[in-house]
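Chemist: Encoded as structure tokens, here's the structure I'll be asking about.
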Amino acid sequence: MEKLLLFTPGPVNVAENVKAAISKEDICHREAEFDVLLQSVENKLLQLFEIKTISDYRAVVITGSGTAANESMLSSIVGDKNILILSNGEFGERLHKISKIHNKNTFLLDFAWGETLNLEKVEAYLQEHDIDIVAMVHHETSSGMLNPLEKIGALSKENGAMLIVDCVSSTGAEVINMEKCHISFCSNSSSKAVCSYPGLSFVVGRIDEFEKLKDMPVKSTYLNLYNFYHFIKIYSQTPNTPAVPLLFALEQTLINILDKGISNHHASLRDKANTLRQGMLKLGLKFLIDEKDMCCVLTTVKIPLHIDVTSFRQKLREKSIIIYEGKGCFKDKVFQVGNIGELSFDDIQFFLKSLEKVLRSFDPVNIKNITHINASRLIFTPANDEESKRKNFAAQDKA
Ligand SMILES: *Cc1c(COP(=O)(O)O)cnc(C)c1O
């Protein structure tokens, strides 16, 4: 199969040495080799967060995608206290949904998808209600919006609430200053801007807060956050069988980022995002949100009215390019282009060239084989010779 270029918010194209790391030696997770591996991963995770008082924090690794880390926080931290979820998109809503399952005192302050969190409203809500815990998403992946950690952190602290954050899609791409933003716990994933395979997630948290979880009611066995903390603290292990090969891969990707330098890694993602954005603006495309509010991992682009997203995506796929469709209320309205993982500037130029051709193929004069039109969609079957021409194009472009 031809290599697919994953211009998605994750999964990503992983580095060659990460591919090699996943098939390292076979080890047992109850033996010393694993203790060393988990310690190495934890140390590197804490370095990734550039925590100054590193002895105040720990990172636990959970086998499961980002949602597992979110559910472990939401099922282990709240007890019967009051939690407020701030939401301005799909992933904020998911936090709310998970929290409602585990916590009867779950409150929601929601804003329209793609809108910024209104700080005055957040402040007023916290002043008027007795909230113990605030939960939010850092990078709301469904719109591409980066939410203001530091400001929400300050408001939470002023009002005596603990802050927990879903950093699943921003970790590795943006600065997350847990100390300055007063974050007690945050969740993260291996498969987004950390640039490894999907399947592992991790929670970074303050040791004093981890310790407090000991007396909390247990709402989940597998995702019991205190248990993960207890096991890493006492045994340098995990409570259940971890995905060891994925830990080898995670260790390697963290080595790659730390060797390159965290700020260099962030800067290179920003450069790639900017190159993509400038290129797409040149093609006349419009973005869903303001560039200043965007995270550097992806761009959410409004789909021109005459274009059907599914066939648009299919045409890019024929050029080995994978993009994302919009979710929820953005379905059929936007597409998303990620720039994380092993995507080179050449790959980005190839993407922009391919995108231009695909967009042009939707111009009314170029659509010759329309079989059906309705108000919102154009469904057409390309003739076979057109198909083979496109394949040739793709082959030439890749050469
Ligand atoms: C991807 C993502 C998640 C987790 O999704 P999984 O499918 O479990 O990996 C959670 N929050 C945000 C903001 C995300 O982008």
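What follows is calculated from the coordinates using simple rules that are stated; it is not laboratory data. If you're wondering where the values come from, they're calculated on a predicted model, not measured in any experiment. For neighbour counting, all protein chains shown are included, and Cβ atoms are generated from backbone atoms with ideal geometry for every residue, glycine included.
Chemist: Just check segment 195-344 against the gyration tensor rule for me: Cα atoms, a ≥ b ≥ c as the square roots of the eigenvalues, rounded for a/c under 1.5, and otherwise prolate or oblate depending on whether a/b exceeds b/c.
Modeler: Here segment 195-344 falls in the prolate category.
Chemist: Another question about this same structure. About the Cα centre, and with charges only on the beta carbon of Lys, Arg (+1) and Asp, Glu (-1), how big is the dipole of segment 42-200? Nearest 20 debye, please.
Modeler: Roughly 400 debye, rounded to the nearest 20.
Chemist: Can you compute log10 of I(q)/I(0) for segment 58-151 with the Debye formula, treating each Cα as one identical point scatterer, at q = 0.11, 0.12, 0.19, 0.23 Å⁻¹?
Modeler: -0.31, -0.37, -0.92, -1.26
Chemist: Give me, ordered by chain and number, the residues 5 or more places off N147 or on other chains with an amide H under 5 Å from its own placed amide H.
Modeler: H139, E140
Chemist: Something else now. Taking θ as phi - 60°, what are the ³J(HN,Hα) couplings along segment 278-291 by the Karplus curve (6.51, -1.76, 1.60), each to the nearest whole Hz, with x for Gly and Pro?
Modeler: Per-residue couplings from phi come out as 4, x, 6, 4, 4, 7, x, 7, 10, 9, 5, 10, 4, 4 Hz.
Chemist: For V203, what charge total do you get from the other residues with a beta carbon under 12 Å from its beta carbon, if Lys and Arg give +1 and Asp and Glu give -1?
Modeler: -2
Chemist: A further question on this structure: Which FRET efficiency, nearest 0.05, do E115 and K214 yield, Cβ-Cβ r, R0 51 Å?
Modeler: That gives a FRET efficiency of 0.85.
Chemist: List every residue whose amide H lies under 5 Å from the amide H of I303, counting only residues 5 or more places away in sequence or on a different chain, with H placed 1.01 Å from N in the peptide plane.
Modeler: Result for I303 returns V334, F335.
Chemist: Let me ask something else about it. Output ³J(HN,Hα) for segment 208-215: one whole-Hz value per residue in order, computed from phi by the Karplus curve 6.51 cos²θ - 1.76 cosθ + 1.60 with θ = phi - 60°, and x for Gly and Pro.
Modeler: Whole-Hz 3J(HN,Hα) from phi for segment 208-215: 4, 6, 4, 4, 5, 6, 3, 9.
Chemist: Using only Cα atoms and rounding to the nearest 10 degrees, what angle (0 to 90) does helix 32-48 make with the longest principal axis of the chain?
Modeler: For helix 32-48, the angle is close to 70 degrees.
Chemist: Then there is this: For the residue pair K157 and N264, what label-to-label distance in nm results when each label sits 7 Å from Cα along the Cα-to-beta-carbon direction?
Modeler: 3.2 nm
Chemist: Could you give each residue of segment 112-128 its phi-based ³J(HN,Hα) in whole Hz, using Karplus coefficients 6.51, -1.76, 1.60 with θ = phi - 60°, and x for Gly or Pro?
Modeler: These are the phi-based 3J(HN,Hα) values: 4, 4, x, 9, 6, 5, 7, 5, 4, 5, 5, 4, 4, 4, 5, 6, 8 Hz.
Chemist: Related question: What FRET efficiency comes out for N366 versus I101 if R0 is 45 angstrom and r is the Cβ-Cβ distance? Round to the nearest 0.05.
Modeler: Efficiency at R0 = 45 Å is approximately 0.35.
Chemist: Please report Rg (one decimal) and Dmax (integer) in Å for the Cα set of the chain.
Modeler: 22.3, 69
Chemist: On alpha-carbon atoms, Rg over Rh for segment 181-224 using Kirkwood Rh?
Modeler: Value, to two decimals: 1.05.
Chemist: Let me ask you something else. List the residues whose amide H sits under 5 Å from the amide H of V134, counting only those 5 or more places along or on another chain, with H placed 1.01 Å from N in the peptide plane.
Modeler: Excluding prolines and chain starts, which carry no amide H, the hits are L84, M162, L163, I164.
Chemist: Sticking with this structure for a sec: Note down the relative contact order for the chain as a percent, whole number, built from C-alpha pairs under 8 angstrom at least six residues apart.
Modeler: 23 percent
Chemist: Pull out a ≥ b ≥ c, the square roots of the eigenvalues of the alpha-carbon gyration tensor of segment 107-236, then state rounded if a/c is under 1.5, prolate if not and a/b is larger than b/c, and oblate in the remaining case.
Modeler: oblate
Chemist: So, one more: Out of all DSSP beta bridges in segment 15-260, what portion is antiparallel? Express it as a percent rounded to 5.
Modeler: Expressed as a percentage, antiparallel bridges in segment 15-260 total about 45.
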